[in-house]
1. (1) in contact with a strand residue (DSSP E or B) (Cβ under 6 Å, 6 or more places away or on another chain); (2) within 18 Å of residue 31 (Cβ to Cβ): which one isn't true of residue 135, the others all being true?
2. Surrounded by fewer than 17 Cβ atoms within 10 Å (Cβ to Cβ) and within 30 Å of residue 330 (Cα to Cα), is that true of residue 121?
3. Say whether the condition of being under 24 Å from residue 327 (Cα atoms), modelled with pLDDT of 75 or more and either part of a loop (DSSP other than H, G, I, E, B) or outside the structural domain of residue 183 (by TED's automatic domain parsing) (or both) is met by at least one residue in the stretch 1-12.
4. Quickly run through the stretch 333-342 and pick out the residues that are touching a residue at least 24 places away in the same chain (Cβ under 8 Å) and surrounded by fewer than 24 Cβ atoms within 10 Å (Cβ to Cβ).
5. What number goes with the only condition from (1) within 23 Å of residue 292 (Cβ to Cβ); (2) at pLDDT 95 or above; (3) touching a helix residue (DSSP H, G or I) at 6+ places or on another chain (Cβ under 7 Å) that residue 236 does not pass?
6. Could you list, in sequence order, all residues of the stretch 147-189 that are closer than 28 Å to residue 226 by Cα, part of a helix (DSSP H, G or I) and modelled with pLDDT of 95 or more?
7. Only one of 204, 216 is surrounded by 17 or more Cβ atoms within 10 Å (Cβ to Cβ), assigned to a strand (DSSP E or B) and assigned by TED's automatic domain parsing to the domain that holds residue 250; which?
């Protein structure tokens, strides 16, 4: 299946549209590409957090028959990333062996899925792929990414895999500075950013620090709020209300600290984003129906927060893998074609071409 339809900046249009394929520094060649496996299942599910848990569960079931499950009676979904990381250094050889086996199995799936992306017309010629998402913050994730990279290389693939540079909690926020045109950032200390995922919603205050580094390489998150909505199972409107409250607290905190905010909120959200900000598909892991024709995320946010400082609020929504990938732009600016994969509740994907190397 091909990526989203072409949406580009129009002459005289100061910012937007949502989900644009032409951004200030890059062309977004593809995002939310849905590859199908055998039986019509989504191939990316095999390289998601759920896929890793399935490998762990299968190995535990096999060992349980022998009375050797090192994790005892703890349900697989309750075993934390920290516990899996600790098992790698534990003296319990069975626990270490299980986790190493999970890494190998998951890395094989990640390499297979990545190779499939690289064979599509949209991803052909990709030099490097930054891998982010929640799994990247664990030692298990880092090792799986490294192992998948070696597997790809031994199969003759030239694209390199590398963990995303920023912490996953920051990457999806920092990338939002590359959604805004440079003129909007001038004269302001910060922007506000939102990263909506299937498990967590993050909102943050991001300082672009363009005077220190015009390419955004010195951008940093000054303040951040994280809500693990998966634990609360809210309805969609309840989730929007909590997100709005998070942003209002951040705006208030910035004012108390004397920071001058741009009237801009950059939002990363799963799915295919239409030019008007509606979500066409891919938001099935979010609480409630975010794909309804009667729901518009940027409209809801601007209605709740009509002004930031003395100026009208501008909300710009893009796919979350695109936004997280954009956080890597300073490290990828020497490459013509590069990509991003985000391993979380699902597998997000985006492929970019740097405009200064293609225009």
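The values are calculated or read from the model by the stated rules, or taken from the named source; none is laboratory data. Just so we're clear, the structure is a prediction, and the values are computed from it rather than from any experiment. All Cβ positions, even for glycine, are placed from backbone atoms using ideal geometry, and neighbour counts span all protein chains on display.
1. In the conditions (1) in contact with a strand residue (DSSP E or B) (Cβ under 6 Å, 6 or more places away or on another chain); (2) within 18 Å of residue 31 (Cβ to Cβ), residue 135 misses (2) alone.
2. In short, yes.
3. Looking for residues that are under 24 Å from residue 327 (Cα atoms), modelled with pLDDT of 75 or more and either part of a loop (DSSP other than H, G, I, E, B) or outside the structural domain of residue 183 (by TED's automatic domain parsing) (or both), one finds none in the stretch 1-12, hence no.
4. 333, 335, 336, 337, listed by residue number.
5. Unmet for residue 236, out of (1) within 23 Å of residue 292 (Cβ to Cβ); (2) at pLDDT 95 or above; (3) touching a helix residue (DSSP H, G or I) at 6+ places or on another chain (Cβ under 7 Å): (3).
6. 170, 171, 172, 173, 174, 175, 176, 177, 178
7. Among 204, 216, only 204 is surrounded by 17 or more Cβ atoms within 10 Å (Cβ to Cβ), assigned to a strand (DSSP E or B) and assigned by TED's automatic domain parsing to the domain that holds residue 250.
Here's the yes/no breakdown for (1) assigned by TED's automatic domain parsing to the domain that holds residue 219; (2) at pLDDT 95 or above; (3) buried (at least 23 other Cβ atoms within 10 Å of the Cβ):
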| residue | (1), (2), (3) |
| --- | --- |
| 259 | yes, yes, no |
| 264 | yes, yes, yes |
| 280 | yes, no, no |
| 287 | yes, no, no |
| 293 | yes, no, no |
| 298 | yes, yes, no |
| 302 | yes, yes, no |
| 320 | yes, yes, yes |
